[in-house]
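S.K.: First the structure, which I've put down as structure tokens, then a few questions once you've had a look.
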Amino acid sequence: MLDVLVATIEHERRPGGLQYAGEHRYIYNTIAPWAAAANSLLDAAENDALFIDDDVELLPGSLDLIERYYDQADLFGINLIAPNGPQGWYTQSAGHMLIPTDDGIGLQPFNTFATSVPCLVAHAGTSCMFIKRKVIEAGIRFPTDWTGVHHEDAAFCLAAWCAGFRVARLPSVAIHYTHPIGAGVTKATRPDFHSGREKNEAHLAAWMSEHHIAERVEDGAIPLGIWRMDGTPWKLEGIHVGD
């Protein structure tokens, strides 16, 4: 049995393609803010869970690779594609990797190679993420005191790494129906979307500093760049991503 967890603003709005999730229990929550609904859903879960946005549609095979790599990671995100890019379909969300910056480390979106291979990453995104029950039982949750939108899931993934779990990105695909500004339609229509995203960027930077993420990366506890599923680093586009 799989628990399908959906934080939404309307109970009628369900993700598409849930028939491809197999036998499951559907749980939704509409409370605000989003992170509070997300955490309430995690508290209600009794099994491995699929955490999925209400504007995502599963496709045949979207979740198939999870069984293959189940023993090699604890949280699994997949690539999200959207239909409204300048050239039609495009990769809307594939998570982020940590890279060296002038200030220490920072998050950077994946390049094409990193979306095409199974890999371990700092942040795989939670718009469509399979989460093992043991991660939920360990108390990994989203920050609820941030005052904007977006980026809570980056802290969620990094918190999982800090607790000794592994976050993977699998090269499977689901559809994320998006607004032309490049965000999911549910959040993109908020009047405070842009200012809210800036607020949470600042919250995330402070969170990463408070939780000593740069030091954890240096210690080898969190991937710099991307790692193979066996935990060995890759080098991408001339960026050294670990020893």
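S.K.: So what are the ³J(HN,Hα) numbers for region 74-82, from phi and the Karplus equation (6.51, -1.76, 1.60; θ = phi - 60°), rounded to whole Hz, Gly and Pro as x?
M.R.: Calculated HN-Hα couplings, in order: 10, 10, 10, x, 10, 6, 10, 10, 10 Hz.
S.K.: A further question follows. Which far-off residues, 5 or more places away or on another chain, put their amide H under 5 Å from the one on V4, with H placed in the peptide plane?
M.R.: For V4, the qualifying residues are R25, Y26, I27, L50.
S.K.: Please label the shape of region 23-92 as rounded, prolate or oblate, based on the square roots a ≥ b ≥ c of the eigenvalues of the alpha-carbon gyration tensor (a/c under 1.5 means rounded; beyond that, a/b larger than b/c means prolate, else oblate).
M.R.: Values: a/c = 2.21, a/b = 1.21, b/c = 1.82.
Oblate, since a/c reaches 1.5 and b/c is not below a/b.
S.K.: Could you grab the relative contact order for the chain? Cα pairs under 8 Å, six or more apart, rounded to a whole percent.
M.R.: Numbers: 518 pairs, mean separation 54.1, N = 243.
Relative contact order here is 22 percent.
S.K.: Report, in debye and to the nearest 20, how large the dipole of the chain comes out about its Cα centre when Lys and Arg carry +1 and Asp and Glu carry -1 on their Cβ.
M.R.: Details: 17 positive and 31 negative charges, 67 e Å.
My answer is approximately 320 debye.
S.K.: What shape does region 2-218 have by the C-alpha gyration tensor, where a ≥ b ≥ c are the square roots of the eigenvalues, rounded means a/c under 1.5, and otherwise prolate means a/b greater than b/c and oblate the rest? Each step should come with its number before you reach the end.
M.R.: Numbers: a/c = 1.20, a/b = 1.14, b/c = 1.06.
Rounded, since a/c falls under 1.5.
S.K.: Turning to a different aspect of this structure: To the nearest Å, what is the center-to-center distance of region 102-161 and region 14-58, using C-alpha atoms only?
M.R.: Comparing the Cα centres of region 102-161 and region 14-58, I get a distance of 17 Å.
S.K.: What list do you get for H211, H151 if you sort them by fewest beta carbons within 10 Å?
M.R.: Values: H211 14, H151 23.
Sorted ascending by nearby Cβ count, the order is H211, H151.
S.K.: Filter the GluC sites (Glu not before Pro) in region 1-77 to those in DSSP coil with at most 10 other Cβ atoms within 10 Å of their Cβ, and list the result. Could the numbers behind the result be given before it?
M.R.: Numbers: sites: E10, E12, E23, E46, E57, E67; in loops: E10, E12, E23, E46.
Sparse-neighbourhood loop GluC sites (Glu not before Pro): E10, E12, E23.
The numbers here are math on the coordinates, done by the rules we state, and not lab data. Given the structure is predicted, the values throughout are model-derived calculations rather than measurements. Every residue, glycine among them, receives a Cβ derived from its backbone with ideal geometry; neighbour counts consider all protein chains shown.
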